[in-house]
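These notes are about the structure you will find just below.
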Amino acid sequence: MADEAKAKGNAAFSAGRFEEAARHFSDAIALAPGNHVLYSNRSAALASLHRYSDALADAQKTVELKPDWAKGYSRLGAAHLGLGDAASAVAAYEKGLALDPTNEGLKAGLEDARKAAAAPPRRGPSGPDAIGQMFQGPELWSKIAADPTTRAYLDQPNFMQMLREVQRNPSSLNMYLSDPRMMQVLSLMLNIKIQRPEASEPSQSTPPPPPQQQQTTPPETKAREVEPEPEPEPMDLTDEEKERKERKAAAQKEKEAGNAAYKKKDFETAIQHYTKALELDDEDISYLTNRAAVYIEMGKYDECIKDCDQAVERGRELRADFKMISRALTRKGTALVKLAKSSKDFDIAIETFQKALTEHRNPDTLKKLNEAEKAKKELEQQEYYDPKLADEEREKGNEFFKQQKYPEAIKHYTEALRRNPKDPRVYSNRAACYTKLGAMPEGLKDAEKCLELDPTFSKGYTRKGAIQFFMKEYDKAMETYQAGLKHDPNNQELLDGVRRCIEQINKANRGEISQDELQERQNKAMQDPEIQNILTDPIMRQVLIDFQENPRAAQEHLKNPGVLQKIQKLVSAGIVQMR
C-alpha cells in the first residue's frame, strides 16, 4: 500500500537515512502517482542528498499536482537554491508565501534566497570560513531536524541564537566550537564523527592531558579509542525532556499490557493499563480510543462516547493522524447505535459515521454506516405500524375509488401500506387504481406484491391477469388466470379471464387481427426471456422446421408433453399461428 511505503519513508527520513527514504517514497509514488505529498517528501530526501536536480523535478511535479499547496513551493525554492539559482528560489518562496503568509519555513527560506541573490560573486572561501559556509545552505535545518541526536537543539533559544550568528558571520564559528552542541551539528554537516575526549571523562572540569601524556597512553586505551564509538546519550536533553521521553516509553509499555489484557478479555485490567498510559502521556490519543473499545465490549457506552469525544478534541489540538480521528468517531458511532432506542436516535450515529468517513474512508466505517441506515429505516417502519389506522386509510381510498378519484385513492392506499405493509388487499386495490390510470407497470408490480403476501388471494390473480390482458400479453394473462383457478376453481372472474384470452389467441390464429397488432404482440413476446429460450433451443428450432416441411414428424413431436407445452406458449404469444 502507498500509505505503508510513505510511513517507511518518513521513518527513514527522520532517522537521517535519506537514500532509504527516497527509495520508499519512490515505491509509494509507483502505487499512487497522483499523490503530491509523496513527490514533496522525495524532493526533501533528494535535497538532503544534494541531488538538487532530481529534487527540483519532484518539486515541480508537486506544484503541478497541487498548485495551491504552499509547502510545494518551499521544496521548489530549496531545490533552486541548492542549484545556485537564487532568483528562481526567491520567486518560488514568494509564491508560497502568497498562499500561506504566516509560514515560518517559507519566510526563512526567502530570507536565505534573498541573501544569496544579493551576495556578489566571490572566490570560494577557505579555512574556517569554508566550514562556516556549510551553515548557509537550506538543508541545514532539515538535517538538524531529521537527526535524533540534534533534533532537540531547535527548541533551545541559546543554541538557535548561536546558529543564526554563524549564519550571519561564518567566521564566528570558532567562537562556538567549545560548545558540544555546535560540535555535534558540525559533525552532522561534515558527515563524520568528531571525537570529543571530554565526552568519556567523568567530569568536564578535569583538564585535558598534555600532549606528552597522550602519547604515552597505554595500548589498551588506544584500542578502546579506535573502537566504534556507541551512539551517545543525547547530552543536550534537559531534565524535563528526559523525563518526558521516559514517561512516553512507560506509557507505551502500559498500552502493550492493556492490549494483551484486552485479547484475553480481561477488560477491567485493560482499562487500568490504558488509564495509566493516559496519565503518563496525554499526547497519544490511541490510549483513549483503545479504552473506548474496551468500554464497548463492557457495554459502558456512555463512557466510550466520552473517551471518543476527548480523543477527537485532543487529536485536533495535536494535529493527529486523520485515521486516528476517524477511528475515534467510528467507535463513538458504534456506541450510539448500541444506545439507540428509536429511529431518531440513529440520526446522530449516522452523522458520526459520516464525519468519520470524511476523515478517512475506511471500509469498516462505511459498512457500519450502511447498517445504521438500514436499522433506522426498519425501526421507522415498526414505529409507524398501526393496523387500525391502516384500515381507516384503506376505507378512505375505497371511497375515492368509487368516486373515480383514482389519484386521491392511491394517496390513501399508499398511506395505508405505510401503516401496514403486510395487507395484500391494499396492494390489490392500488393495482386497480393504477390500471384505471393506465399505469400498467406500477399496477403489475402491486398485483405481484399482493400475491407474494397471499398466494391464495383470488382478487390478486384477477388484478394481475387483467393488467397482462390490457398489455396484450394474452399468454401470460391466461397462465395467471389458470394459476388462480387452482386455488379457487369456481371463481367466475378467473374463468371469464381464461375465456377472453383464448378468444384473443384464436383470433390471431385465424388471422382476424391487423398486421400491426400482430407485429406488436410478436415484438412484446420476443422480449420475454422464456420465449427467447424456446426459440434458441436447437430441438425446438428443428420442431418448428418440421411443422413447415414435415407435418408427419411434427405430429410425432406433439406427443412429447414438454414440446407441446412450448408450442402452446409460442401460439399464445402470437409467434406461431395454427390454421
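The values are calculated or read from the model by the stated rules, or taken from the named source; none is laboratory data. Here the structure is a predicted model, which means the values were calculated and not measured. Neighbour counts are summed over all protein chains in view; Cβ atoms, including those assigned to glycine, are modelled from backbone coordinates with ideal geometry. The accessibility values were calculated without ligands, DNA or RNA, using every heavy atom of the protein model including side chains. Shrake-Rupley method; radii C 1.70, N 1.55, O 1.52, S 1.80 Å.
Helix 440-453 and the longest principal axis of the Cα set of the chain meet at an angle near 90°.
Fraction of C-alpha pairs exceeding 32 angstrom in the chain: 70 percent, rounded to a whole number. Report note on the peptides 461-467, 473-479: ranked by the mean count of other C-beta atoms within 10 Å, highest first, their order is 461-467, 473-479. Pairs from the list 422/459; 323/355; 265/355; 332/368; 263/374 with a Cα-Cα gap above 20 Å: 265/355; 263/374. For the chain, a simple Cβ point-charge model (Lys and Arg +1, Asp and Glu -1, everything else neutral) yields a dipole of about 1700 debye relative to the Cα centre. Spatially, region 363-436 and region 68-113 are offset by 64 Å when compared through their Cα centroids. Note on region 1-42: along the principal axes its Cα atoms extend 26, 17, 12 Å, ordered by decreasing extent.
Which of rounded, prolate, oblate describes region 280-333, given a ≥ b ≥ c as roots of the alpha-carbon gyration tensor eigenvalues and a/c under 1.5 marking rounded, otherwise prolate only if a/b is larger than b/c? Prolate is the answer for region 280-333, as a/c is 1.5 or above and a/b outweighs b/c.
Cross-link partners for residue 248 among the aspartates and glutamates, with Cα-Cα distance under 16 Å and sequence neighbours closer than 8 places in the same chain left out: 239, 240, 256, 279, 281, 282, 283, 284. Measure up 486/569; 6/242; 6/255 against 27 Å on the Cα-Cα distance and list the ones that go over. Where the Cα-Cα span goes over 27 Å, the pairs concerned are 6/242.
With respect to the chain, whose longest principal axis is taken over its alpha-carbon atoms, helix 363-384 is tilted by about 40°. How tilted is helix 239-263 with respect to the longest principal axis of the chain? Cα atoms for both, answer in degrees (0 to 90, nearest 10). For helix 239-263, the angle is close to 30 degrees.
From its DSSP helices (H runs of at least four residues, each -39,500 (n - 2.57)), the chain gives a residue-normalised ellipticity at 222 nm of -23500 deg cm²/dmol.
Ligands, DNA and RNA aside, residue 107 has an accessible area near 90 Å² when probed at 1.4 Å.
Spin-label pair residue 279-residue 345: with each label point 7 Å from Cα along the Cα-Cβ axis, the two points sit 3.4 nm from one another. Between residue 436 and residue 385, the simple spin-label model (points 7 angstrom out along Cα→Cβ) gives 3.1 nm. Given a cut-off of 24 Å, name the pairs among 276/300; 341/377; 396/476 whose C-alpha atoms lie farther apart than that in the structure shown. From 276/300; 341/377; 396/476, over 24 Å: 396/476.
Of all aspartates and glutamates in the structure, the ones whose alpha carbon falls short of 15 Å from that of residue 388, not counting any fewer than 8 places away in one chain, are 415, 423.
From the Cα gyration tensor of region 435-564, with a ≥ b ≥ c the square roots of its eigenvalues, which class applies: rounded if a/c is under 1.5, or else prolate if a/b is larger than b/c, or else oblate? The shape class here is prolate.
Packing, as the average of other Cβ atoms within 10 Å across residues, places the peptides 31-37, 51-57 in the order 51-57, 31-37, highest first. In region 255-411, one over the average inverse separation of all distinct C-alpha pairs is 18.0 Å, which is the Kirkwood hydrodynamic radius. Taking a ≥ b ≥ c as the square roots of the eigenvalues of the Cα gyration tensor, an a/c ratio of 1.5 or more together with a/b larger than b/c marks region 336-443 as prolate. Projecting the Cα atoms of 257, 78, 43 onto the charge dipole of the chain (Cβ charges, centred on the Cα centre) puts 43 farthest toward the positive pole. Ranked by the mean number of other Cβ atoms within 10 Å per residue, highest first, peptides 329-342, 356-369, 558-571 order as 329-342, 356-369, 558-571.
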